[in-house]
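First up is the structure itself, then whatever we jot down about it.
Values in this text are rule-based calculations from the coordinates and carry no lab data. This is a predicted model, so every value here is computed, not measured. No Cβ is skipped: glycine too gets one built from the backbone with ideal geometry, and neighbour counts run over all protein chains shown.
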Amino acid sequence: MECIFCKIADRKMPAKIIYDKNGVIAFHDIAPQAPTHVVVIPKKHIATLNDLTGEDVEVAGRLVLAAKELAAQLGLADQGYRLVLNCNNDGGQTVFHIHCHVLGGRRMMWPPG
Ligand code: AMP
Ligand code: ZN
């Protein structure tokens, strides 16, 4: 098994896991880009957003709901935060297991870099 996020989900690689519910886990990003930076992943291995199918409606929904729940849990909800899903090269994807970044604790810029 090559996928590092699958390894984290299987507890075969260490991570600061802060959420594990409904087939979704979340952990602190190893290279945070904001004061709060959490990565939210489905336990199911799906390489990129391009690989999502109609069968993954529940997975995708759970992912977004978990991100929202985490934002509240981390105290970001009122001030605001950003969810990011990168896809492939131009999107800046480096780990090929879909994930949602929850970024907060500072003002985000638009357009993004
Ligand atoms: P992306 O560039 O959208 O594919 O995001 C991958 C994210 O995973 C990056 O923000 C990395 O810093 C983060 N990351 C990579 N390896 C680990 C790890 N072992 N534990 C926690 N976060 C990681
Ligand atoms: Zn995986």
- prompt: Hey, does the range 36-53 have a residue that's without any contact (Cβ under 8 Å) to a residue 12 or more places away in the chain and within 12 Å of the chain's Cα centre (by Cα)?
  reply: no
message: The conditions are (1) free of Cβ contacts under 8 Å to residues at least 24 places away in the same chain; (2) more than 16 Å from ligand 2 (Cβ to nearest atom), and Leu103 fails exactly one of them. Which is it?
response: (1)
task: Go over the candidates Val102, Val84 one by one and state the one that is within 19 Å of Pro35 (Cβ to Cβ) and touching a Ser or Thr at 6+ places or on another chain (Cβ under 8 Å).
output: Val102
